[in-house]
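Asker: Got a structure for you, written out below as C-alpha cells; questions coming shortly.
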Amino acid sequence: ETGNDSLLALGIRGIGQALWYQGYFQEAIDSIKSSLRLFQKLGYEKEISDATVIISSIYGNQGNYEKAFEYAQQALQLSTFLKDTPNIVLSLVQLGYLYKNVGDYATAMNYYSRGFNYKPAIGHWPYRYLSICTGELYADRQQYDSAWYFYQQSFNGNPGSKASMLRVAQYHMALKNYDTALHQFIDLYH
C-alpha cells in the first residue's frame with residue numbers, strides 16, 4: 001500500500017522463508033524468486049545474494065541438487081564480487097552441505113574450511129551455521145570428539161539455539177547415550 005518496492009521485496013522474501021519453514025517448498029521458491037526480481041529491479045545486490053542462497057537451500061531440502069548447486073554457485077559468485085563475507089560464508093556452507101549430502105565428504109570439508117578461512121564473526125549466524133554443518137560432517141564420519149567441539153561452537157551467540165540443541169541430542173544418540181539423548185530431546189520439544 002505504501003508503494004515502497006524495497007519493503008515489498010523484503011516482505012515477500014520473508015513470506016517465502018516462512019513458507020519454506022512450513023514445508024511449502026514450491027510456494028517458498030516462487031515467493032523468493034518474486035522478491036529476487038524486485039531486488040534486481042532495485043539493484044539491491046546484497047539482497048539478491050541473500051535470496052539466491054535461500055533458493056539454493058530450499059532446492060537442497062527438496063533433494064533437487066542440480067538446482068541447489070546452481071543457485072549456491074550464483075550466490076557465491078555474487079557475494080564474492082560484493083566482498084560480502086557473511087554471504088560468502090553462507091554460500092560456502094551451502095555448497096559444503098550439498099556435497100556432504102551426496103556423500104563427497106572431502107569436498108564438503110574443503111568448502112567448510114574455506115568458510116572458516118573468512119573468519120566469520122563468532123556468535124553470528126554464518127559462524128553458528130558453519131559450526132553446525134561442520135559438526136554434522138564429523139558426526140557422519142563418526143569423529144565424535146570433533147563433532148562435539150563444533151556443536152559447542154554453534155551455541156556461541158545463541159545459547160538456546162534449537163538447531164544446536166538438536167545436534168547435541170543426535171550426538172548423544174549416536175554414542176548410544178540414550179538417557180542423555182532422551183532428556184535433550186525432551187528439553188528441545190518443550
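The values are calculated or read from the model by the stated rules, or taken from the named source; none is laboratory data. Since the structure is predicted, the reported quantities are computational estimates derived from the model, not experimental observations. We place every Cβ from the backbone using ideal geometry, glycine too, and count neighbours over all the protein chains shown. Accessible surface is based on the protein model in full, side chains and every heavy atom, while ligands, DNA and RNA are left aside. Shrake-Rupley method; radii C 1.70, N 1.55, O 1.52, S 1.80 Å.
Asker: Please list, ordered by first then second residue, the pairs with beta carbon atoms under 8 Å, 6 or more apart or interchain, first in region 82-109 and assigned to a loop (DSSP other than H, G, I, E, B), second open to solvent by 50 Å² or more (accessible area, probe 1.4 Å) and among the hydroxyl-bearing types (Ser, Thr, Tyr).
Answerer: Pairs found: Val102/Tyr65.
Asker: Could you list, in sequence order, all residues of region 153-179 that are farther than 23 Å from Tyr99 by Cα, of a type in the set (S, T, N, Q) and either open to solvent by 70 Å² or more (accessible area, probe 1.4 Å) or assigned to a helix (DSSP H, G or I) (or both)?
Answerer: First pass over region 153-179, keeping only residues farther than 23 Å from Tyr99 by Cα: 155-162, 165, 169, 172-173, 175-179.
If we keep only those that are of a type in the set (S, T, N, Q) as well, we get 156, 158, 161, 177.
None - no residue of region 153-179 is farther than 23 Å from Tyr99 by Cα, of a type in the set (S, T, N, Q) and either open to solvent by 70 Å² or more (accessible area, probe 1.4 Å) or assigned to a helix (DSSP H, G or I) (or both), so the list stays empty.
Asker: Follow-up. Somewhere in region 44-62, is a residue open to solvent by 50 Å² or more (accessible area, probe 1.4 Å), outside any helix (DSSP H, G or I), without any contact (Cβ under 8 Å) to a residue 12 or more places away in the chain and not hydrophobic (A, V, I, L, M, F, W, C)?
Answerer: No: zero hits.
Asker: Then there's this: Please specify each residue of region 110-126 satisfying the condition of being touching a Leu at 6+ places or on another chain (Cβ under 8 Å) and outside any helix (DSSP H, G or I).
Answerer: Within region 110-126, Tyr118, Pro120 meet the criteria.
Asker: A further question follows. So, Tyr105, is that one out of contact with any Asp or Glu (no Cβ under 8 Å at 6 or more places or on another chain) and of a type in the set (Phe, Trp, Tyr) or not?
Answerer: no
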